1. Can you spot the lysines whose alpha carbon is less than 29 Å from Lys242's alpha carbon? Ignore those fewer than 8 places along the same chain.
2. Pop the C-beta distance of Arg73 and Asp40 into the FRET formula with R0 = 41 Å and round what comes out to the nearest 0.05.
3. Working out 0.36 nm times the residue gap between Asn160 and Arg243, then minus their Cα-Cα distance, what length gain in nm do you get to one decimal?
4. Sum up the charges of everything whose Cβ sits under 13 Å from the Cβ of Asn206, counting Lys and Arg as +1 and Asp and Glu as -1, but leave Asn206 out.
5. Could you grab the relative contact order for the range 52-150? Cα pairs under 8 Å, six or more apart, rounded to a whole percent.
6. In percent, how large is the relative contact order of the chain, given Cα pairs closer than 8 Å and 6 or more residues apart?
7. Taking amide hydrogens as modeled 1.01 Å from N in the peptide plane, which residues meet the under 5 Å criterion relative to Leu67, leaving out close sequence neighbours?
8. How much of the DSSP beta bridge set in the chain is antiparallel, as a percent to the nearest 5?
Amino acid sequence: MRLGSEQLLPVHRLILTGYWGRNRRPHYPPSLNKIEMNTDKTFRLTQGAAPLCFMIPGRGSQRKPLLYWDDERNENRVLRYARNQKSPFEDEQDGNAIIEPVIFEDGMLHVPKTNPVLQEFLHYHPMNGSKYEEVNEERDAGAEVELINLEVDALVECKNMSIEALEHVSRILLGIDPSRLTTSELRRDMLIYVRREPETFMRVVNDPDLKLQSKIQRFFDDGLLSFRRNKTEIWFNGPTKKRKLLTIPFGEDPVALATSYLLSDEGLETLRALDTLLEE
(Lines give C-alpha, C1' and ligand atoms only; values in the text may rest on other atoms or scores of the structure.)
Protein backbone atom coordinates (compact mmCIF):
# COMPACT_ATOMS: atom_id res chain seq x y z
CA MET A 1 0.00 0.00 0.00
CA ARG A 2 1.32 3.46 -0.89
CA LEU A 3 1.88 5.63 2.17
CA GLY A 4 0.63 8.97 0.85
CA SER A 5 -1.05 11.77 2.78
CA GLU A 6 -4.42 10.15 2.18
CA GLN A 7 -3.23 7.16 4.22
CA LEU A 8 -1.55 9.11 6.99
CA LEU A 9 -4.50 11.39 7.70
CA PRO A 10 -6.84 8.65 9.05
CA VAL A 11 -4.06 7.35 11.30
CA HIS A 12 -3.50 10.86 12.70
CA ARG A 13 -7.23 11.23 13.38
CA LEU A 14 -7.28 7.89 15.11
CA ILE A 15 -4.51 8.98 17.46
CA LEU A 16 -6.36 12.17 18.38
CA THR A 17 -9.63 10.32 18.87
CA GLY A 18 -8.00 7.78 21.14
CA TYR A 19 -6.41 10.46 23.28
CA TRP A 20 -9.18 13.03 23.50
CA GLY A 21 -12.25 10.85 23.10
CA ARG A 22 -14.56 10.63 20.10
CA ASN A 23 -16.73 13.62 20.92
CA ARG A 24 -14.10 16.01 22.26
CA ARG A 25 -11.88 18.46 20.45
CA PRO A 26 -8.25 18.93 21.52
CA HIS A 27 -8.10 21.32 24.46
CA TYR A 28 -5.35 23.92 24.81
CA PRO A 29 -4.51 26.26 27.65
CA PRO A 30 -5.88 29.79 27.11
CA SER A 31 -2.39 31.30 26.79
CA LEU A 32 -1.76 29.10 23.76
CA ASN A 33 -4.34 31.08 21.82
CA LYS A 34 -2.50 34.32 22.61
CA ILE A 35 0.46 33.39 20.44
CA GLU A 36 0.30 35.22 17.15
CA MET A 37 0.45 32.54 14.48
CA ASN A 38 0.57 32.58 10.67
CA THR A 39 3.56 34.88 10.65
CA ASP A 40 7.31 34.44 10.51
CA LYS A 41 9.10 35.04 13.81
CA THR A 42 12.67 35.90 14.70
CA PHE A 43 14.29 35.21 18.06
CA ARG A 44 17.56 36.58 19.41
CA LEU A 45 19.80 35.89 22.37
CA THR A 46 19.52 38.44 25.16
CA GLN A 47 22.18 40.87 26.42
CA GLY A 48 23.64 41.24 22.95
CA ALA A 49 25.11 37.74 22.97
CA ALA A 50 26.06 36.47 19.51
CA PRO A 51 28.10 33.26 19.69
CA LEU A 52 28.69 31.34 16.48
CA CYS A 53 26.24 28.68 17.70
CA PHE A 54 23.98 28.42 20.74
CA MET A 55 21.96 25.25 21.16
CA ILE A 56 18.74 24.69 23.08
CA PRO A 57 18.04 20.98 23.65
CA GLY A 58 14.85 19.77 22.01
CA ARG A 59 13.93 17.79 25.12
CA GLY A 60 14.69 17.77 28.83
CA SER A 61 16.54 15.16 30.85
CA GLN A 62 16.02 13.50 34.20
CA ARG A 63 18.44 15.96 35.77
CA LYS A 64 17.09 19.00 33.91
CA PRO A 65 13.45 18.42 32.92
CA LEU A 66 11.91 20.79 30.40
CA LEU A 67 8.56 21.83 31.87
CA TYR A 68 5.81 24.38 31.34
CA TRP A 69 3.29 25.15 34.08
CA ASP A 70 -0.26 24.91 32.72
CA ASP A 71 -2.53 27.03 34.93
CA GLU A 72 -5.72 25.49 33.57
CA ARG A 73 -4.63 21.92 34.14
CA ASN A 74 -2.78 22.88 37.32
CA GLU A 75 0.19 20.74 36.37
CA ASN A 76 3.62 20.80 34.79
CA ARG A 77 3.66 19.66 31.19
CA VAL A 78 6.73 18.26 29.47
CA LEU A 79 7.99 20.25 26.48
CA ARG A 80 9.62 18.46 23.57
CA TYR A 81 10.44 19.80 20.12
CA ALA A 82 9.83 17.26 17.39
CA ARG A 83 9.63 18.55 13.85
CA ASN A 84 7.16 15.84 12.78
CA GLN A 85 4.62 16.62 15.52
CA LYS A 86 1.81 19.17 15.76
CA SER A 87 2.33 20.22 19.37
CA PRO A 88 5.34 21.14 21.54
CA PHE A 89 3.85 19.21 24.48
CA GLU A 90 4.91 15.60 24.87
CA ASP A 91 1.46 14.52 26.09
CA GLU A 92 0.01 15.57 22.72
CA GLN A 93 2.62 13.79 20.61
CA ASP A 94 2.63 10.26 19.22
CA GLY A 95 5.39 7.67 19.65
CA ASN A 96 7.20 8.56 16.42
CA ALA A 97 8.68 11.89 17.53
CA ILE A 98 11.83 12.99 15.72
CA ILE A 99 13.77 15.02 18.29
CA GLU A 100 16.27 17.63 17.20
CA PRO A 101 18.05 20.54 18.89
CA VAL A 102 17.22 24.20 18.32
CA ILE A 103 20.27 26.18 17.20
CA PHE A 104 20.81 29.96 17.22
CA GLU A 105 23.43 31.11 14.73
CA ASP A 106 25.24 34.39 15.43
CA GLY A 107 22.70 35.04 18.19
CA MET A 108 19.65 34.83 15.91
CA LEU A 109 17.05 32.23 14.95
CA HIS A 110 14.45 32.73 12.22
CA VAL A 111 11.36 30.51 12.44
CA PRO A 112 9.00 30.63 9.45
CA LYS A 113 5.23 30.44 9.83
CA THR A 114 5.40 26.98 8.29
CA ASN A 115 6.95 25.71 11.56
CA PRO A 116 4.36 26.72 14.20
CA VAL A 117 5.44 23.92 16.56
CA LEU A 118 8.92 25.42 16.93
CA GLN A 119 7.38 28.87 17.47
CA GLU A 120 5.21 27.49 20.28
CA PHE A 121 8.11 25.50 21.74
CA LEU A 122 10.25 28.66 21.94
CA HIS A 123 7.32 30.64 23.37
CA TYR A 124 6.77 28.24 26.28
CA HIS A 125 10.42 27.35 26.87
CA PRO A 126 11.67 28.39 30.36
CA MET A 127 14.67 30.15 28.76
CA ASN A 128 12.33 32.58 26.95
CA GLY A 129 12.96 36.02 28.40
CA SER A 130 16.21 35.08 30.10
CA LYS A 131 18.47 33.52 27.46
CA TYR A 132 16.54 34.65 24.38
CA GLU A 133 13.56 36.75 23.35
CA GLU A 134 11.31 37.24 20.36
CA VAL A 135 12.22 40.20 18.19
CA ASN A 136 9.43 42.76 18.40
CA GLU A 137 10.13 45.83 16.28
CA GLU A 138 7.32 47.91 17.81
CA ARG A 139 8.38 47.10 21.37
CA ASP A 140 12.04 47.73 20.56
CA ALA A 141 11.23 51.08 18.96
CA GLY A 142 9.16 52.09 21.99
CA ALA A 143 11.98 51.16 24.37
CA GLU A 144 14.48 53.09 22.26
CA VAL A 145 12.25 56.18 22.22
CA GLU A 146 11.89 55.95 26.00
CA LEU A 147 15.67 55.72 26.40
CA ILE A 148 16.26 58.68 24.08
CA ASN A 149 13.70 60.77 25.97
CA LEU A 150 15.38 59.86 29.25
CA GLU A 151 18.76 60.88 27.84
CA VAL A 152 17.34 64.21 26.64
CA ASP A 153 15.72 64.90 30.03
CA ALA A 154 18.95 64.04 31.83
CA LEU A 155 21.05 66.27 29.55
CA VAL A 156 18.66 69.20 30.04
CA GLU A 157 18.70 68.64 33.80
CA CYS A 158 22.50 68.55 33.82
CA LYS A 159 22.75 71.64 31.60
CA ASN A 160 20.51 73.69 33.91
CA MET A 161 22.18 72.64 37.18
CA SER A 162 24.13 75.18 39.18
CA ILE A 163 27.86 74.70 39.64
CA GLU A 164 27.31 73.86 43.30
CA ALA A 165 24.82 71.12 42.38
CA LEU A 166 27.15 69.77 39.70
CA GLU A 167 29.93 69.57 42.26
CA HIS A 168 27.68 67.56 44.56
CA VAL A 169 26.75 65.13 41.80
CA SER A 170 30.29 64.79 40.42
CA ARG A 171 31.63 63.77 43.82
CA ILE A 172 29.14 60.92 43.94
CA LEU A 173 29.07 59.77 40.31
CA LEU A 174 32.59 60.54 39.16
CA GLY A 175 34.36 60.12 42.50
CA ILE A 176 36.48 63.22 41.89
CA ASP A 177 37.39 66.42 43.69
CA PRO A 178 35.62 69.05 41.51
CA SER A 179 37.76 71.86 42.90
CA ARG A 180 40.58 70.57 40.69
CA LEU A 181 38.56 71.17 37.51
CA THR A 182 37.51 74.32 35.72
CA THR A 183 33.80 75.00 35.28
CA SER A 184 33.92 74.02 31.61
CA GLU A 185 35.80 70.79 32.38
CA LEU A 186 33.31 69.86 35.07
CA ARG A 187 30.29 70.47 32.82
CA ARG A 188 31.91 68.57 29.96
CA ASP A 189 32.73 65.54 32.12
CA MET A 190 29.24 65.45 33.61
CA LEU A 191 27.51 65.76 30.22
CA ILE A 192 29.62 62.89 28.87
CA TYR A 193 28.67 60.79 31.89
CA VAL A 194 24.98 61.67 31.53
CA ARG A 195 24.92 60.54 27.89
CA ARG A 196 26.36 57.20 28.97
CA GLU A 197 24.33 56.69 32.19
CA PRO A 198 21.19 58.88 32.06
CA GLU A 199 19.16 56.61 34.36
CA THR A 200 21.81 56.59 37.09
CA PHE A 201 22.18 60.37 36.85
CA MET A 202 18.44 61.01 37.22
CA ARG A 203 18.21 58.59 40.14
CA VAL A 204 21.01 60.37 41.99
CA VAL A 205 19.67 63.86 41.19
CA ASN A 206 16.26 62.93 42.60
CA ASP A 207 17.75 61.40 45.74
CA PRO A 208 16.73 63.54 48.77
CA ASP A 209 20.01 62.64 50.49
CA LEU A 210 22.10 63.96 47.56
CA LYS A 211 23.65 66.93 49.39
CA LEU A 212 24.53 64.86 52.44
CA GLN A 213 26.11 62.13 50.29
CA SER A 214 28.10 64.77 48.45
CA LYS A 215 29.23 66.24 51.76
CA ILE A 216 30.29 62.81 52.98
CA GLN A 217 32.28 62.30 49.80
CA ARG A 218 33.96 65.62 50.56
CA PHE A 219 34.79 64.36 54.07
CA PHE A 220 36.67 61.53 52.38
CA ASP A 221 38.33 63.87 49.86
CA ASP A 222 39.57 66.14 52.68
CA GLY A 223 40.79 63.23 54.80
CA LEU A 224 38.32 63.77 57.61
CA LEU A 225 37.04 60.28 56.92
CA SER A 226 39.25 57.49 55.59
CA PHE A 227 39.26 53.81 54.77
CA ARG A 228 41.43 51.22 56.49
CA ARG A 229 42.03 47.47 56.24
CA ASN A 230 41.49 47.25 52.48
CA LYS A 231 38.41 49.47 52.61
CA THR A 232 36.60 47.31 55.15
CA GLU A 233 36.57 50.05 57.84
CA ILE A 234 35.68 53.75 57.95
CA TRP A 235 37.66 55.93 60.41
CA PHE A 236 37.08 59.43 61.77
CA ASN A 237 40.27 61.53 61.61
CA GLY A 238 39.99 64.35 64.12
CA PRO A 239 42.83 66.81 64.78
CA THR A 240 43.74 65.09 68.07
CA LYS A 241 41.95 61.76 67.96
CA LYS A 242 41.27 59.08 65.40
CA ARG A 243 38.64 56.42 65.91
CA LYS A 244 36.87 53.71 64.00
CA LEU A 245 33.31 54.51 62.96
CA LEU A 246 32.09 51.58 60.93
CA THR A 247 32.88 48.16 59.54
CA ILE A 248 31.79 47.87 55.91
CA PRO A 249 29.97 44.59 55.16
CA PHE A 250 30.92 42.92 51.89
CA GLY A 251 29.09 44.42 48.91
CA GLU A 252 27.82 47.52 50.75
CA ASP A 253 28.21 51.04 49.34
CA PRO A 254 30.52 52.83 51.82
CA VAL A 255 29.09 56.31 51.13
CA ALA A 256 25.50 55.10 51.55
CA LEU A 257 26.53 53.26 54.72
CA ALA A 258 28.25 56.34 56.13
CA THR A 259 25.19 58.46 55.24
CA SER A 260 22.87 56.11 57.09
CA TYR A 261 25.16 56.08 60.14
CA LEU A 262 25.64 59.87 60.33
CA LEU A 263 21.87 60.41 60.14
CA SER A 264 21.28 58.03 63.03
CA ASP A 265 21.12 59.16 66.67
CA GLU A 266 24.49 57.54 67.27
CA GLY A 267 26.17 59.38 64.40
CA LEU A 268 24.69 62.90 64.66
CA GLU A 269 27.41 64.10 67.04
CA THR A 270 30.09 62.88 64.66
CA LEU A 271 28.33 64.64 61.76
CA ARG A 272 28.38 67.95 63.68
CA ALA A 273 32.07 67.50 64.40
CA LEU A 274 32.80 66.78 60.73
CA ASP A 275 30.82 69.86 59.64
CA THR A 276 32.83 72.00 62.04
CA LEU A 277 36.13 70.62 60.79
CA LEU A 278 35.09 71.10 57.16
CA GLU A 279 34.38 74.81 57.74
CA GLU A 280 37.74 75.47 59.39
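The values are calculated or read from the model by the stated rules, or taken from the named source; none is laboratory data. As the structure is a computational prediction, the values presented were derived from the model and not from experiment. Backbone-built Cβ (ideal geometry, glycine too); neighbour counts: all protein chains shown. Accessible surface is based on the protein model in full, side chains and every heavy atom, while ligands, DNA and RNA are left aside. Shrake-Rupley method; radii C 1.70, N 1.55, O 1.52, S 1.80 Å.
1. Leaving aside lysines fewer than 8 places away in the same chain, those within reach of Lys242 are Lys211, Lys215, Lys231.
2. 0.85
3. That pair, Asn160 and Arg243, stretches by 25.8 nm at full extension.
4. -3
5. Contact order relative to length: 27 percent.
6. Details: 311 pairs, mean separation 35.6, N = 280.
Computed over the chain, the figure is 13 percent.
7. Placed amide hydrogens put Leu79 under 5 Å from Leu67.
8. Antiparallel: roughly 95 percent of the beta bridges in the chain.
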